[in-house]
Amino acid sequence: MAKRTKPYLLHASIRPDADVDYESYPFGIPAVREIANIDFHPNVTFFVGENGSGKSTVMEGIAVALGFGTEGGTKNVRFQSAGSVSPLHDSLRLARGVPKPRDEYFLRAESFFNVASYMDETGYLEGYGGRSLHTQSHGESFMAVLLNELRKRAANPS
């Protein structure tokens, strides 16, 4: 498999025709208010900022716009423990490249506990090293995802 020279997700921005009220949630949050054009690196893009600056809100908006559930996981993980979802995803314009990834994963720290519970409930532990993610520390469970689920997917694209 050839290494990507460009990311699949190239840019994210607020749609010019979006009805945006910068005085209301989520558009009043600093990171959301300042979105002009996010350019993504082919390997990794870091969002860095103070607590409460809106990094997670921006990531959630992008993930939902790409078709993920708000809690994280694969696109097949569909549950919602929180009552509402930010409307940011409806206002985003995403520029995508080719080829489309064969598999994707939204690794979200805030709701990873809920994803781990969902994996226990569904019985799908094979992709996570065969052990409940709740029987491991937070760091160990993240590594289980990285080393088992994501590595397996990268090695066996189908």
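The lone criterion from (1) in a helix (DSSP H, G or I); (2) of a type in the set (D, E, K, R); (3) within 18 Å of N43 (Cα to Cα); (4) at pLDDT 80 or above left unmet by D120 is number (3).
The requirement of being more than 16 Å from the chain's Cα centre (by Cα), more than 19 Å from K75 (Cα to Cα) and modelled with pLDDT of 80 or more is satisfied by H134.
On the stretch given as the range 20-34, residues that are without any contact (Cβ under 8 Å) to a residue 24 or more places away in the chain and not aromatic (F, W, Y) total 6. Scanning the range 137-158 for residues that are at pLDDT 80 or above and either in a loop (DSSP other than H, G, I, E, B) or crowded, with 17+ Cβ neighbours inside 10 Å (or both) gives S137, S141, A144.
Of all residues in the range 50-73, which are surrounded by 13 or more Cβ atoms within 10 Å (Cβ to Cβ), in a loop (DSSP other than H, G, I, E, B) and free of Cβ contacts under 8 Å to residues at least 40 places away in the same chain?
S53, G54, F68, G69
Scanning the range 1-51 for residues that are small (G, A, S) and over 18 Å from the mean Cα position of the chain (by Cα), which turns out modelled with the lowest pLDDT? Residue satisfying both the conditions and the ranking: A2.
The values are calculated or read from the model by the stated rules, or taken from the named source; none is laboratory data. Keep in mind that this is a model prediction, so the values were computed, not measured. Note: ideal-geometry Cβ built from the backbone for every residue, glycine included; neighbour counts use all protein chains shown.
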